[in-house]
Amino acid sequence: MSGSSTRRDEPADTEISLVIATGREYGCERLVRAVERQLQAVGHTAYEIILVLDGCPPYRWLDPADRRITAIVLPERVGIARARTVGVRAARGQLLAFLDDDCVPAEMWLTELLRLSREHPTSVAFGGRVIGTAPRNLYSQLRDAVYYYETFGPWYTDSSATTDVLGAPYVNGGNSAYRREALLSAGGFDELLPAYSDVELGRRMNLAERAVLSPGMAIHHDHPSDFRQYQLRCWRSGRARALLWAHRGYRQDRPRAVLRTIVINLVWANAARRRPRIAAPPLYVVAVLTCQEVVHGAGYIYALVGSVARRRIARRSAAHTSGRGMAADTP
């Protein structure tokens, strides 16, 4: 992966490398300033901030003389998983932290991350809540009270919770940190995925037994705020699940499991279990959730068919090259 970099010398014993894959200039500046305030307040922590500009020009507010920030400019957009991988390759920290450029970390985010890394020495990944910045927005509610709630349990939406959660299926990629050695040993993020790269990494690293979540290590995140943005995310999620099945073989992403979940949600769960958690007109909530399942399923089918077609083309191409002809993939 080519790209220009404004890399400066960093301390050899960097404690934290914060990697931000970014394409939003204002959001990235807002995030960097907030993180810098926390880093300066802690004082003793050796750190670096690595910005991976994903197919966008250098930001106007970047100061080439600022040794604390490394900016890597990618000539074309490659997606968040690949951009994060570029940042990981440039990072020197023992803790590799990731934040999205459409969020602001809560006041105690850094303090909590450092505490978790000290108090849970056998844990290899750390995370916390991703709190929508517009709690009354329907699509923000759907993200928090449906997806995150069903993934992490009621702890995730309980603002009064104060205890750490040991074991989580994954740590959200936009609010996460990994011990460097463990992340590199696992092979990092799967660059093939348009979404769910954090979920897949959590499975590969067995984070259900090796991660810890803190209610204080939270971020305030700009969730999708309208129907189109929300459904685009559902489409990407569907595609990602198909790729997880086609290339990784995870049983929970096989067609039968995905179809079963969609049918259950459409027939019962959307109206009976999910709708009561959302503060919006019931019929509208059910209608949006129905669209969510349909779009998710359509994205899944689209990617699955594409994966099958590409494999067949590859087999036929290999057979033709080896001189066995088009009958190579027949019994």
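Coordinate-derived values only; no laboratory data. Since we're looking at a predicted model, the values are computed, not measured. Heads up, the Cβs are rebuilt from the backbone with ideal geometry, glycines too, and the neighbour counts pull from every protein chain shown.
Quick notes on this structure:
- Three-way shape label, the chain, alpha-carbon gyration tensor, a/c 1.5: oblate
- Under a model in which nothing but the beta-carbon of Lys, Arg (+1) and Asp, Glu (-1) is charged, the chain shows a dipole of about 1480 debye around its Cα centre.
- Among 242, 280, 319: highest mean-square fluctuation, GNM of the chain, C-alpha pairs under 10 Å: 319
- The local environment of residue 119, defined by Cβ-Cβ distances under 13 Å, has a net charge of 0 under the rule Lys, Arg +1 and Asp, Glu -1.
- Of the trypsin sites (Lys or Arg not before Pro) found in region 59-130, the ones in coil according to DSSP and having at most 15 other Cβ atoms within 10 Å of their Cβ are 60, 67, 68, 77.
- Packing here is the average count of other Cβ atoms within 10 Å per residue, and on that basis the peptides 219-231, 168-180, 150-162, highest first, run 168-180, 219-231, 150-162.
- In sequence order, calculated HN-Hα J values of region 153-168 (Karplus, 6.51, -1.76, 1.60; Hz; x Gly/Pro): x, x, 3, 5, 9, 8, 5, 8, 5, 10, 9, 5, 10, 8, x, 8
- Prolate/oblate/rounded label for region 1-145 (Cα gyration tensor, a/c 1.5): oblate
- Among 165, 199, 308, residue whose mean-square fluctuation peaks in a GNM of the chain (springs only between Cα atoms under 10 Å): 308
- When the Cα gyration tensor is reduced to axis lengths a ≥ b ≥ c, the ratio a/c is 1.5 or higher for region 51-100, and with a/b not above b/c it is classed as oblate.
- Helix-only CD estimate at 222 nm, as mean residue ellipticity for the chain, using -39500 (n - 2.57) per DSSP H run (n ≥ 4): -13500 deg cm²/dmol
- Applying both filters, DSSP loop and at most 16 other Cβ atoms within 10 Å, to the chymotrypsin sites (Phe, Trp or Tyr not before Pro) of region 235-309 gives 250.
- Considering only 94, 176, 301, the residue lying farthest towards the positive end of the dipole of the chain is 301, judged by Cα position with unit charges set on Cβ.
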